[in-house]
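One structure is given here, and the rest of the page talks about it.
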Amino acid sequence: MKNGVPVSKIMTKNLVTLSPTDDLVAAERLFKKHHIRHIPVVEGNAIKGMLSYTDLLRISFADAIDEHEEYVDTIVYNMFTIPQVMVHDVVTVTSGSSIKEVAEILSKREFHALPVVDDGKLKGIVTTTDLIRYFLKSIF
């Protein structure tokens with residue numbers, strides 16, 4: 001495994017993003033449509049927060065209700081805004097950060113994705129899944 005490989009080599013560059021004015025119903029659709037678990041919340045190119053699928057599950061009653069699950073989720077989602085549910089104090093890395101640095105941050109923290117920001121602009125996102133894929137490719 002090479003030392004100092006930049007995170008830009010493994011980060012996702014084609015980003016799905018949300019605006020603080022979007023609603024949580026739209027957010028859930030994006031999570032499901034793109035099979036992702038983290039969406040940066042941006043205004044222009046500036047990151048304002050991070051919304052995870054887990055954040056939605058925390059406010060959802062979906063696990064408790066079977067029959068009208070979608071209807072109940074919509075009611076609950078309409079009670080909150082994205083800024084109320086998202087993480088605001090987002091830890092970020094730069095595209096030049098090493099994969100090792102990113103792995104160390106993610107292994108010590110309770111989140112699974114980091115926005116990649118250069119000069120105040122969102123450039124990508126790196127997740128634990130990206131790291132696992134990289135390590136598997138490097139080892140095997």
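The values are calculated or read from the model by the stated rules, or taken from the named source; none is laboratory data. All figures in this text were calculated on a predicted structure; none of them were measured in a lab. Neighbour counts are summed over all protein chains in view; Cβ atoms, including those assigned to glycine, are modelled from backbone coordinates with ideal geometry.
Details
- Filtered residues of the range 22-42 (kept if closer than 15 Å to VAL87 by Cα and without any contact (Cβ under 8 Å) to a residue 60 or more places away in the chain): ALA27, ILE39, VAL41
- Test: residue in the range 121-133 that is closer than 22 Å to LEU51 by Cβ, part of a helix (DSSP H, G or I) and not β-branched (Val, Ile, Thr): yes
- Once the range 95-120 is narrowed to residues that are of a type in the set (Asp, Glu) and assigned to a helix (DSSP H, G or I), the residue that is nearest to GLY44 (Cα to Cα) is GLU101.
- Against the conditions (1) at pLDDT 95 or above; (2) part of a helix (DSSP H, G or I), VAL91 satisfies every one except (2).
- Long-range neighbours under 6 Å by Cβ, at least six apart or interchain, first residue free of Cβ contacts under 8 Å to residues at least 24 places away in the same chain within the range 122-140, second crowded, with 17+ Cβ neighbours inside 10 Å: THR128/LEU106
- Among residues of the range 1-41 being aliphatic (A, V, I, L, M) and in a loop (DSSP other than H, G, I, E, B), the one that is surrounded by the most Cβ atoms within 10 Å (Cβ to Cβ) is MET11.
- Subset of the range 2-16 [at negative phi and touching a helix residue (DSSP H, G or I) at 6+ places or on another chain (Cβ under 9 Å)]: LYS2, ASN3, VAL5, PRO6, VAL7, LYS9, ILE10, MET11, THR12, VAL16
- Filtered residues of the range 104-140 (kept if buried (at least 17 other Cβ atoms within 10 Å of the Cβ) and among the aliphatic types (A, V, I, L, M)): LEU106, ALA113, LEU114, VAL116, VAL117, LEU122, ILE125, VAL126, LEU131
- Of the helices (runs of 4 or more DSSP H) entirely within the range 42-88, those holding at least 3 residues that are at pLDDT below 95 and surrounded by 11 or more Cβ atoms within 10 Å (Cβ to Cβ) occupy 53-59, 69-77.
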